[in-house]
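Only the coordinates and a few stated rules stand behind these numbers; no lab work does. Keep in mind that what you see is a predicted model, and the values were worked out from it rather than measured. We place every Cβ from the backbone using ideal geometry, glycine too, and count neighbours over all the protein chains shown.
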């Protein structure tokens, strides 16, 4: 396996708070990697650093061996990293289909002024919408979908840009168990087709079932990593989640 | 339900033919003048709408491009003898280049900060025009020769007619470009930026390029209109043409007709401009037209916050939905 994404000694402070503090980690190509940690441990900040929404104060981020820190988010997206947001973000007043079409990569000035929705793009969008069960809603405004459907739409739309690495920020947050199953199947299918995933999630069962590798953050630093089964019993990880072992033992 | 509806093409074609015939049928100088001003307002609002409507950035700075277009055309006419009807199309490209540069700076701000920055643009242009006295003639303004072609001045009876047709051509072009943009990848990206700029970035839209380009295009038609305007009145001065009220009017017209729609700004102009002229004509030089505009804006914001066109189509959808089941069951 080769390292697809490499984060090296990255630091980001907001005011006096060090949200990410000299963190290093890597994502292997073809893996589903979990990123866990207590609230406020820096997971979402790390996502924002990787995708260019924040600029790091120090450190490097490399994707396919090329540095990506300092690039604007759209450039990073073009390099092949897609993401979803912890709180779903869609173009609310645009239709489901339009939400799928916007991420399609445009190359050159001439395509910029060509037709907005092309047939082959629509075809591909409808295939993906069929996979997530939203094909009947193609002409509805995105805001009219249910919460779970909106998450699925955001996920499906990310795929339209055909990223190699997909960052999912709490894909199961507030979603009903059936939808969670569906999302997991979807991720596993795509992984078999060669997509790499980095997943932030609080639902431990999902993380343990889905991920081949788990990275644990606390206070902006990596405190452990390994296979899910090993991580589950790591005393340092348990301490971070549950407080000191002395208290837990007492 | 078999409700009789006129296809959009018939509406547009009919309106176009009516505008084409207007100055031949309506011989009154006054009404011809109002019509030129109305179509010009429609150009300004439609052009503003490409940025303000599609992209969601409220610019109050477009009067700067209107004025710059006017000055460039007047100067080229006076010093180089370039006919405004031809030069305005090319000189507006210069204005567009200026707008691209200013947009590249101004579009780093968002929301109300952007509004303030664009207001500042109008004042900067006005101060420059006032102080470059050697070129612009300062506060005394610039006068152009009376309109004509090939050394022959147009007689007062027909003087509005050439202006009518060139502004009509400009209006058609503006709406056509606005329509093409709305249906293109570019337009889809602009609307995405309006909806959620950060999300648009995340899915790979180079928002800065899109916004700056929208700013430049929307400045172009305003500048062409400014050039024609300066020739229409044959006189401009800095106070008069770099006027924040020109910008505000563009916004009001777009809001009234339907911001972000293709035809809303045109419809808005055909309501506001004649109404304004009638009010000024009836009540004289009072400020009553401003009060009426304020009241109209208030009414629109209260009862149809999206503007006339979107509200009308909403009402139509509601009516057909209400009637739909009754008819199909009966």
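Give me the one-decimal nm value for the distance between modelled label points at residue B:132 and residue B:314, 7 Å along each residue's Cα-to-Cβ direction.
According to this spin-label approximation, the distance is 4.5 nm.
Please state the shape class of segment A:27-174: rounded when a/c is under 1.5, otherwise prolate if a/b exceeds b/c and oblate if not, all from the C-alpha gyration tensor.
Taking the square roots of the gyration eigenvalues as a ≥ b ≥ c, segment A:27-174 is oblate.
Given points 7 Å out from each Cα along the Cα-Cβ axis, report the residue B:124 to residue A:86 separation in nanometres with one decimal.
Reported label-point gap for residue B:124 and residue A:86 is 3.8 nm.
Order of B:65, A:63, B:123 from fewest to most other C-beta atoms within 10 Å?
B:123, A:63, B:65
Relative to the present Cα-Cα distance, how much length would full extension add between residue A:202 and residue A:2 at 0.36 nm per residue of separation?
69.3 nm
May I ask you to compute the full-extension gain from residue B:20 to residue B:6, defined as 0.36 nm times their residue separation minus their alpha-carbon distance, rounded to one decimal in nm?
Computed gain between residue B:20 and residue B:6 is 3.0 nm.
Can you give me the angle between helix B:160-183 and the longest principal axis of chain B, using Cα atoms only, in degrees from 0 to 90, rounded to the nearest 10?
The two axes meet at around 50 degrees.
Expressed in nm to one decimal, what extension gain is obtained for the pair residue B:146 and residue B:80 from 0.36 nm per residue of sequence separation less their Cα-Cα distance? Don't skip to the end; give the middle numbers.
Working: separation 66, 0.36 × 66 = 23.76 nm, distance 1.58 nm.
Taking residue B:146 through residue B:80 to full extension adds about 22.2 nm, to one decimal.
Report the Cα centroid-to-centroid distance between segment B:145-191 and segment B:65-114 in angstrom, as an integer.
16
What distance in nm separates the two pseudo spin-label positions at residue B:208 and residue A:58, each 7 Å out from Cα along the beta-carbon direction?
Label at residue B:208, label at residue A:58, 2.7 nm between them.
Can you give the helix-only mean residue ellipticity at 222 nm for chain A, where every DSSP H stretch with n ≥ 4 adds -39500 (n - 2.57) and the sum goes over all residues, rounded to the nearest 500 deg cm²/dmol?
Details: 11 runs with 93 residues, N = 250.
Computed ellipticity for chain A at 222 nm equals -10000 deg cm²/dmol.
Suppose R0 equals 30 Å; then what is the FRET efficiency for residue B:154 and residue B:240 from their Cβ-Cβ distance, rounded to the nearest 0.05? If you can, show how the numbers build up before the last one.
Working: r = 23 Å, r/R0 = 0.76.
E between residue B:154 and residue B:240, to the nearest 0.05, is 0.85.
For A:241, B:220, which order do you get if you count the other beta carbons within 10 Å of each Cβ and list the fewest first?
Sorted ascending by nearby Cβ count, the order is A:241, B:220.
Any chance you could get the radius of gyration and Dmax over the Cα atoms of the protein assembly as shown, in Å?
29.2, 104
Using the 10 angstrom Cβ neighbour count as an exposure proxy, how do A:164, B:134 rank, fewest first?
Details: A:164 17, B:134 7.
Ranked by crowding around the Cβ, least crowded first: B:134, A:164.
Would you mind checking the tilt of helix B:288-303 against the longest principal axis of the Cα atoms of chain B, expressed as 0 to 90 degrees and rounded to 10?
For helix B:288-303, the angle is close to 30 degrees.
Based only on Cα atoms, what mean projected area does the convex hull of segment A:92-161 have, in nm²?
4.4
Would you mind classifying chain B by shape? Square roots of the alpha carbon gyration tensor eigenvalues, ordered a ≥ b ≥ c; an a/c under 1.5 is rounded, otherwise it is prolate if a/b is larger than b/c and oblate if not.
It comes out oblate by the Cα gyration axes.
Share of antiparallel DSSP beta bridges in the protein assembly as shown, in percent to the nearest 5?
Details: 26 of 42 bridges.
In the protein assembly as shown, DSSP labels about 60 percent of beta bridges as antiparallel.
Relative to the longest principal axis of the C-alpha atoms of chain B, give the angle of the C-alpha long axis of helix B:8-25, reported between 0 and 90° and rounded to the nearest 10°.
For B:8-25 against chain B, the angle is about 30 degrees.
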